[in-house]
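The values are calculated or read from the model by the stated rules, or taken from the named source; none is laboratory data. Please read all numbers here as calculations on a predicted model, not as lab measurements. Note: ideal-geometry Cβ built from the backbone for every residue, glycine included; neighbour counts use all protein chains shown. Please note that ligands, DNA and RNA were not included when accessible areas were found on the heavy atoms of the full protein model with its side chains. Shrake-Rupley method; radii C 1.70, N 1.55, O 1.52, S 1.80 Å.
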Amino acid sequence: MHQTNSKLRFRTKSVLTGWSFVLLAVILIFVFYFYPMLQALILSFQTGTGSNLTFTGFDNYSRLLSDKTFIVSVKNTFIYLLVQVPLMIILALFISVLLNDSKLRFKGFFRTAIFLPCVTSLVAYSVVFKYLFSGNGLVNTMLLKLHLVSAPIEWITDPFWAKITIIIAITWRWTGYNMIFYLSALQNIDHSIYEAARIDGASASRQFFGITVPLLKPIILFTSITSTIGTLQLFDEVMNITKGGPGNATQTISQYIYNLSFKYAADFGYAATVSYSIVIMIALLSFIQFKVAGDKNG
Amino acid sequence: MAKSKRFFMYLFLSIAAIVSIFPFLWMVVSSTNKSVDVTRGRLLPGTHLLENLRKLLDTTDLQLSLMNSAKISITTTLLALLIASLAGYGFEVFRSRSKDIVFNILLLSMMIPFAALMIPLYRMFGQISNVFPWMGIDTMTSVILPTVTTAFLIFFFRQSTKMFPKELLEAGRMDGLSELGIFLRIYLPTMKTTYAAGAIITFMSSWNNYLWPLIVLQTPQTKTMPLLISTLGSGYAPDYGMIMIAIVIGTIPTALVFFVMQKQFVAGMIGSVK
């Protein structure tokens, strides 16, 4: 009896010690993530300027569907997502497979060089890209000198090319980041698998699609989800390269939320509704990505 | 056949490397040139570095922004490492079913977009300003608090704790160390590389943070480097040489951290997904 008592006391003590280690982190995440998340949900049912808010039910949500600026922002964000994320993942996969070649020389140099863009701040590289791609910027100068174009491309001021500029910029910044994940996963694959495939006469592309891609699937899923979440929140680049223009041609959802809250007459309620559209999109897209990858994994 | 394949391999990687490095080179070269030469596309180093720097110092409060950024990033990094490593250690060493559930709930916070948090957070700090102005809007605290704890870093430390030899833990208990003593005197020194990797990741994201400081820091006295660079770049008649030197200076800390601790950085990134 006495023994079980002291054992119990020891266990309670150890449980309490365990909780005390994690407590601060748990509190901070609840206060700065989950509580604001709930607040945003409540806000999304309110309307008004500044702090004069009143409940208006689903008004904000029905406003979303007829809000042209919102629809344009969603469209732009999805164009970035659908073009840039696959492009970047394929490029990063391809580079990492090349870098994983055991006979390749200058491996360290190539890896460092391609990873280098990750050290820049989003703002700093955005400003650099803005000038590189300006009307009389270096990119146009070089294209003209090489006779690849007959007139300068309106990278920043044309709705189509402005989107391309944003896509080029994000790809430059993040390809190396994704490459590192693939490279580490590739290093964990046993070389004998490839040797066996080679003996069986499998071509390089057969090896890539038959061995590399299936074995890397969990990492590809991880990077595609993080890239999707990142792209849905795209802000710094667009804000600093094009300011969302020309017109609203490059504006993203995050930027629209920022404008609604801090640029126009502060409509926090409606801005919160728009922000919940991103929450829903992230949840849906992550679910789909899990499903697609999960089904094939069996 | 094999030879031409090799050739294309090197060609492709070289192009990728040049494209990756070129904007850096251009930014460094441009910081030594006159604004006109930058627009003319001059690619050779010039002699205007000091002049550009002087102009930057005269027209902006560069030192103040650097100090603000340094204070915020260093404080965030130290606090983040302490909080996350305690939690990661706690979740792994004192494992229980209820803790696993809480841990999984914390992981969900990684899916929450910042866009959904910024308005409520802004209002929260607005209310705090009325009571405790020293931690409300426009203070260092308001920048640090919401970014100091991330589920990612807790996850990162928990994963690494799995590799921590449990015999050391038992040895510490036998020696009569308290649980906190074991953490501080055995775990912390053993896990140096994990802390280094965590520090790099946190320092970089804190130094480069833009959207939240843009919202919450409102006076010139609290401006951080990304905010300074952003305002320089938005002018109508930009002085390119001067802006480039500002960008170079703003990039040096993270580039330095990256080059000095490259191995830990890559290890840290990789460790995070294993």
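Each residue of region B:124-137 was assigned a 3J(HN,Hα) from its phi angle through the Karplus curve 6.51 cos²θ - 1.76 cosθ + 1.60 (θ = phi - 60°); the sequence is 4, 6, x, 5, 4, 3, 5, 9, 10, x, 5, 10, x, 3 Hz, with glycine and proline shown as x. Placing unit charges on the Cβ atoms only, positive for Lys and Arg and negative for Asp and Glu, gives the protein assembly as shown a dipole magnitude near 1180 debye about its Cα centre. Amide H contacts under 5 Å for B:R40: none, restricted to partners 5 or more places along the chain or on a different chain, H placed in the peptide plane at 1.01 Å from N. Highest GNM mean-square fluctuation among B:L81, B:L177, B:L66, for chain B modelled with Cα contacts below 10 Å: B:L177. Across region A:169-297, Cα-Cα pairs more than 26 Å apart make up 43 percent of the total. Taking trypsin sites (Lys or Arg not before Pro) as candidate sites, keep only those in a DSSP loop with at most 12 other Cβ atoms within 10 Å, then name the longest stretch of chain A containing none of them. For trypsin sites (Lys or Arg not before Pro) (loop position, at most 12 other Cβ atoms within 10 Å), the longest site-free span of chain A is A:106-298. Remark on region B:141-269: ratio of C-alpha radius of gyration to 2.2 N^0.38 Å is 1.43. For peptide B:20-27, the mean count of partner chain Cβ atoms within 10 Å of a residue's Cβ comes to 6. Rounded to whole numbers, the Karplus 3J(HN,Hα) couplings from phi for region A:285-290 are 5, 5, 4, 4, 4, 4 Hz, using 6.51 cos²θ - 1.76 cosθ + 1.60 with θ = phi - 60°, and x at Gly and Pro. Here is the size of region A:47-186 from its Cα atoms: Rg then Dmax, 20.7, 67 Å.
For the pair region A:13-51 / region A:216-264, the C-alpha centres are spaced 25 Å from each other. For region B:173-190, heavy-atom accessible area (probe 1.4 Å) falls by no less than 20 Å² from the chain alone to the full protein assembly at B:E179. Kirkwood radius for region A:27-82, taken over all pairs of different Cα atoms as the inverse mean of 1/r, rounds to 13.5 Å. Among the aspartates and glutamates, which have Cα under 18 Å from the Cα of A:K68 when same-chain residues fewer than 8 positions away are ignored? Cross-link targets: A:D59, A:D267.
With θ taken as phi - 60° and the Karplus curve 6.51 cos²θ - 1.76 cosθ + 1.60 applied, the whole-hertz 3J(HN,Hα) list for region A:37-53 is 4, 5, 4, 5, 5, 5, 4, 5, 9, 10, 10, x, 9, x, 9, 8, 10 Hz, x standing for glycine and proline. Counting protein heavy atoms only, region A:68-205 has 67 percent of its accessible area on carbon and sulfur, 1.4 angstrom probe. Please list, by residue number, everything in region A:199-215 whose backbone N is under 17 Å from a paramagnetic label point 7 Å out along Cα→Cβ of A:K107. The answer is none, because no backbone nitrogen lies closer than 17 Å to the label point.
In chain A, helical runs assigned H by DSSP with n ≥ 4 each contribute -39500 (n - 2.57); averaged across all residues and rounded to the nearest 500, the mean residue ellipticity at 222 nm is -23000 deg cm²/dmol. So if we plug the beta-carbon distance of B:R185 and B:S234 into 1/(1 + (r/R0)^6) with R0 = 51 Å, what FRET efficiency do we get, rounded to 0.05? According to the calculation, E is roughly 0.50. Using only the C-alpha atoms, the convex hull of region A:118-228 corresponds to 156 Å³ per residue. Note that chain A presents 49 Å² accessible area per residue, ligands and nucleic acids not counted, probe 1.4 Å.
When Rg is the radius of gyration of the Cα atoms in chain B and Rh is its Kirkwood radius, what does Rg/Rh come to? Across chain B, the Cα-based Rg/Rh ratio is 1.06.
For region A:1-119, the Kirkwood estimate of hydrodynamic radius, built from reciprocal distances between every pair of different alpha carbons, is 21.4 Å.
Pairs exceeding 18 Å between alpha-carbon atoms, taken from A:K130/B:K55; A:K75/A:K163; B:K162/B:K192; A:K75/A:K130; B:K99/B:K162; A:K13/B:K192: A:K130/B:K55; A:K75/A:K130; A:K13/B:K192.
Over the residues of chain A, compute the C-alpha Rg and express it relative to 2.2 N^0.38 Å. Working it through for chain A, the quotient is 1.30. Along each principal axis, taking the top coordinate minus the bottom one, the Cα set of the protein assembly as shown gives 93, 73, 51 Å in descending order. Rounded to the nearest 0.05, the FRET efficiency derived from the C-beta distance between A:F160 and A:R9 at R0 = 60 Å is 0.25.
The mean count of C-beta atoms from other chains within 10 Å of the C-beta of residues in A:248-261, rounded to a whole number, is 2. Panel note: contact residues of region B:194-212 (accessible area lowered by at least 10 Å² against the chain on its own; 1.4 Å probe) correspond to B:M204, B:N208, B:Y210, B:L211. Return the Rg/Rh ratio of region B:1-154 with Cα-based radii and a Kirkwood Rh. Using Cα coordinates only, the ratio equals 1.16. The contact between chain A and chain B removes approximately 7600 Å² from the accessible area (both sides summed; 1.4 Å probe; ligands, DNA and RNA excluded). If you plug the beta carbon distance of B:L108 and A:F262 into 1/(1 + (r/R0)^6) with R0 = 25 Å, you get a FRET efficiency near 0.35.
Counting Cα-Cα pairs of region B:1-78 in 5 Å increments starting at 0 gives whole-percent bin shares of 3, 13, 12, 12, 12, 14, 11, 9, 6, 4, 3, 1, 0.
Overall, the ratio between the Cα radius of gyration of region A:80-156 and 2.2 N^0.38 Å, rounded to two decimals, is 1.42. The distance from the alpha carbon centre of region A:65-80 to that of region B:1-71 is 34 Å, rounded to a whole number. With a simple spin-label model that places each label point 7 Å from the Cα along the Cα-to-Cβ direction, the separation between B:F7 and B:E170 comes to 6.3 nm. Under 5 Å between amide hydrogens, built in the peptide plane, is the criterion, and for A:Q46 it picks out A:T56 among residues at least 5 positions away or on other chains.
Probing with 1.4 Å while keeping every protein chain in the model, the per residue accessible area of chain B equals 47 Å².
For region A:174-298, the dipole from Cβ point charges (+1 on Lys and Arg, -1 on Asp and Glu) about the Cα centre works out to 140 debye, to the nearest 20. Expressed as a whole percent, the accessible surface of chain B that belongs to carbon and sulfur atoms is 69, based on a 1.4 Å probe.
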